[in-house]
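K.L.:
Below is a structure I'd like to ask you about.
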Amino acid sequence: MKRRDLLWGAGALALVGGSAAAISFYQTGSSEAYEAAALDARSTLAQNPDLKDLVRYATLAANGHNTQPWRFHLTDGRIEIRPDLSRRTPVVDADDHHLFVSLGCAAENLSLAAQARGMPGDVRFDPAGEGAVTFDYARGAAVQSVLFDAIPKRQSTRSEYDGRAVTADDLKALADAAAVPGVDVKLITDKPGIARVRDVVVAANSVQMAQDGFMPELKSWLRFNPRAAMSMRDGLFTATGGNPAIPSWLGPIMLDLTMSASSENDRYSAQMISSSGIAVFTAEKADHEHWVLAGRACQRFTLQATALGMKVAYMNQPVEVESFRPELASLIGLPGRRPDIVIRFGYAPALPYSLRRPVEAVLV
Ligand SMILES: Cc1cc2nc3c(=O)[nH]c(=O)nc-3n(C[C@H](O)[C@H](O)[C@H](O)COP(=O)(O)O)c2cc1C
């Protein structure tokens, strides 16, 4: 099994199942309390929100490994989203690509939320220093959008989907929502095309799982039960991938016992083939500014998908393992470019939501 897609194998489940009753509450915590915290983080934005409440909506954005690698600096008329480099994931994201994409995702949420509450503004990238995203806003007309409404409902759903096709109208709505200047979005919905991307994902996954440091880094961001997830309020809670809660001491042991490239590849393969389609996002250039743009595009895409009743999940192995980028770029007809993000989409029931740190923890 792999990182963000954590389903224990059947044998392992039996092993855990037998002892689950004996696992004491104090080791894993309460899933009801977890659900309440996840819902609280997603409560509807106030009609006249303060800046902190807008930041809360920004932080509901997708972000790599749920590291929440951002810090918000608030001044009158400007909200700045700065990278939090203490939350880097240097093995899976050596050049901070995902980190800057994540800032773009947050900036898009922020912009949509502010616009919906009468504070429209402009998102820009400021390359000074470590680089930051600025959002300059002013009082103006409140503009509602289905993308805004979808912010608290969006989630990464790492399960098999039901294989239903998406209508042409809905595919157009997805493409239109994701249209951000400087970013190409390729939608692949034919079965042979999906299978070709699947093959690259699976091949990249095999290489990635054997990479030095990949598993230790992943383990450091895994939360195996509600108690661990709620104490950190970041990282990848394994229940969001449909797994039962287990004590933190048992989690890494179970990973080592049950995880293999082959079982992971089987699972990824089934997930991709069950999806209605794949979206591949590729910015015109490979720099911080364009990674932020790619983040904005993919956040808009996933919000539109959510608004249309779909689920989404990221499958980024072929962009994370550098040697697979040329093959993926050729597959989508953009040879020589660096693909940024791979997302599958389709229809499935929701899984538990992930948590976020409190706003106070992400303010400068
Ligand atoms: C740049 C980026 C890369 C990501 N890569 C993956 C990935 O390869 N596999 C995966 O399962 N999730 C991936 N995710 C999804 C995050 O893990 C997810 O957004 C985060 O855990 C928060 O959960 P949520 O999306 O349900 O709010 C990625 C997200 C971003 C923004």
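K.L.:
Over the stretch 257-361, what number does the Rg to Rh ratio reach, with both radii from the alpha-carbon atoms and Rh per Kirkwood?
P.N.:
On the way: Rg = 15.6 Å, Rh = 15.6 Å.
So for the stretch 257-361, dividing Rg by the Kirkwood Rh gives 1.00.
K.L.:
Can you tell which of Glu217, Glu320, Glu80 shows the greatest fluctuation in a Gaussian network model of the chain with Cα springs below 10 Å?
P.N.:
The residue with the greatest mean-square fluctuation here is Glu217.
K.L.:
Something else about it: Label-point separation (nm) for Ala165 and Lys219, each offset 7 Å from Cα along Cα-to-Cβ?
P.N.:
Output for this residue pair reads 4.6 nm.
K.L.:
Within a Cβ distance under 15 Å of Ala33, other residues only, what is the Lys/Arg minus Asp/Glu net charge? Write out the running numbers ahead of the final one.
P.N.:
On the way: positive: Arg223, Arg227, Arg233; negative: Glu32, Glu35, Asp40.
Taking every Cβ under 15 Å from that of Ala33, the sum is 0.
K.L.:
Once you've got the GNM for the chain with C-alpha springs shorter than 10 Å, pick whichever of Ala279, Ala168, Ala41 has the biggest mean-square fluctuation.
P.N.:
Of Ala279, Ala168, Ala41, the Gaussian network model singles out Ala168 as fluctuating most.
K.L.:
Something else now. Sequence gap at least 6, Cα distance under 8 Å: using those rules, report the relative contact order of the stretch 46-184 to the nearest whole percent. Intermediate results must be reported in sequence, preceding the final value.
P.N.:
Numbers: 184 pairs, mean separation 31.2, N = 139.
This gives 22 percent for the stretch 46-184.
K.L.:
Per residue, what accessible area does the stretch 257-334 have, given a 1.4 Å probe and all protein chains present, in Å²? Please list the in-between numbers first.
P.N.:
Working: 2460 Å² over 78 residues.
Per-residue accessible area for the stretch 257-334 comes out at 31 Å².
K.L.:
Once you sort the root eigenvalues of the Cα gyration tensor of the stretch 70-224 as a ≥ b ≥ c, which label holds: rounded (a/c under 1.5), prolate (a/b larger than b/c) or oblate (the other case)? Show your work: numbers first, answer last.
P.N.:
On the way: a/c = 2.18, a/b = 1.22, b/c = 1.79.
Oblate, since a/c reaches 1.5 and b/c is not below a/b.
K.L.:
Using θ = phi - 60° and the Karplus curve 6.51 cos²θ - 1.76 cosθ + 1.60, what whole-Hz ³J(HN,Hα) does each residue of the stretch 71-82 get, with Gly and Pro shown as x?
P.N.:
9, 10, 10, 9, 9, 5, x, 9, 10, 10, 10, 9
K.L.:
Tally up the carbon and sulfur contribution to the accessible surface of the chain as a whole percent, 1.4 Å probe, everything protein left in place. Don't jump to the answer; show the numbers that get you there.
P.N.:
Details: 7810 of 14210 Å².
Ligands and nucleic acids excluded, carbon and sulfur give 55 percent.
K.L.:
Write down the accessible area per residue of the stretch 157-240 in Å², having rolled a 1.4 Å probe over the full set of protein chains. Display every interim value, and only then the final one.
P.N.:
Values: 3670 Å² over 84 residues.
Solvent-accessible surface per residue comes out at 44 Å².
K.L.:
Can you list residues from other chains, or at least 5 along the same chain, whose modelled amide H is less than 5 Å from the amide H of Ala283?
P.N.:
Residues meeting the amide H criterion: Asp184, Asp340.
K.L.:
Which whole-Hz couplings ³J(HN,Hα) result when phi for each residue of the stretch 117-129 is put into the Karplus expression 6.51 cos²θ - 1.76 cosθ + 1.60, θ = phi - 60°, listed in order with x for Gly and Pro?
P.N.:
10, x, 9, x, x, 10, 9, 9, 9, 10, x, 4, x
K.L.:
When the Karplus curve 6.51 cos²θ - 1.76 cosθ + 1.60 is applied with θ = phi - 60°, which whole-Hz ³J(HN,Hα) does each residue of the stretch 187-202 get, with x for Gly and Pro?
P.N.:
Using θ = phi - 60°, the values come out as 9, 10, 10, 7, 4, x, x, 4, 5, 5, 5, 3, 4, 5, 4, 5 Hz.
K.L.:
How large are Rg and Dmax for the chain when calculated on the C-alpha trace, in angstrom?
P.N.:
Taking only Cα atoms of the chain, I get Rg and Dmax of 19.6, 59 Å.
K.L.:
Given springs between every Cα pair under 10 Å in a Gaussian network model of the chain, which of Ser248, Ser156, Ser220 has the largest fluctuation?
P.N.:
Per the Cα network of the chain with a 10 Å cutoff, Ser220 tops the list.
K.L.:
Go ahead and run the numbers for FRET between Ser248 and Ala33, Cβ-Cβ distance against an R0 of 22 Å, rounding to 0.05. Let's see the in-between values first.
P.N.:
Numbers: r = 16 Å, r/R0 = 0.74.
The calculated FRET efficiency here is 0.85.
K.L.:
A further question on this structure: R0 = 25 Å: FRET efficiency of Asp256 with Ala94, Cβ-based, nearest 0.05?
P.N.:
Values: r = 24 Å, r/R0 = 0.98.
According to the calculation, E is roughly 0.55.
K.L.:
Which pairs break 30 Å Cα to Cα here: Lys153/Lys191; Lys153/Lys186; Lys191/Lys311; Lys52/Lys153; Lys172/Lys219? Kindly include the intermediate steps, with their values, before the conclusion.
P.N.:
Details: Lys153/Lys191 28 Å; Lys153/Lys186 24 Å; Lys191/Lys311 18 Å; Lys52/Lys153 20 Å; Lys172/Lys219 39 Å.
Long pairs (Cα-Cα over 30 Å): Lys172/Lys219.
The values are calculated or read from the model by the stated rules, or taken from the named source; none is laboratory data. Small disclaimer: the values here were computed from a predicted structure and weren't measured. Note that each Cβ is placed from the backbone with ideal geometry, even for glycine, and that neighbours are counted across all protein chains shown. Accessible surface areas use protein heavy atoms only, side chains included; no ligands, DNA or RNA. Shrake-Rupley method; radii C 1.70, N 1.55, O 1.52, S 1.80 Å.
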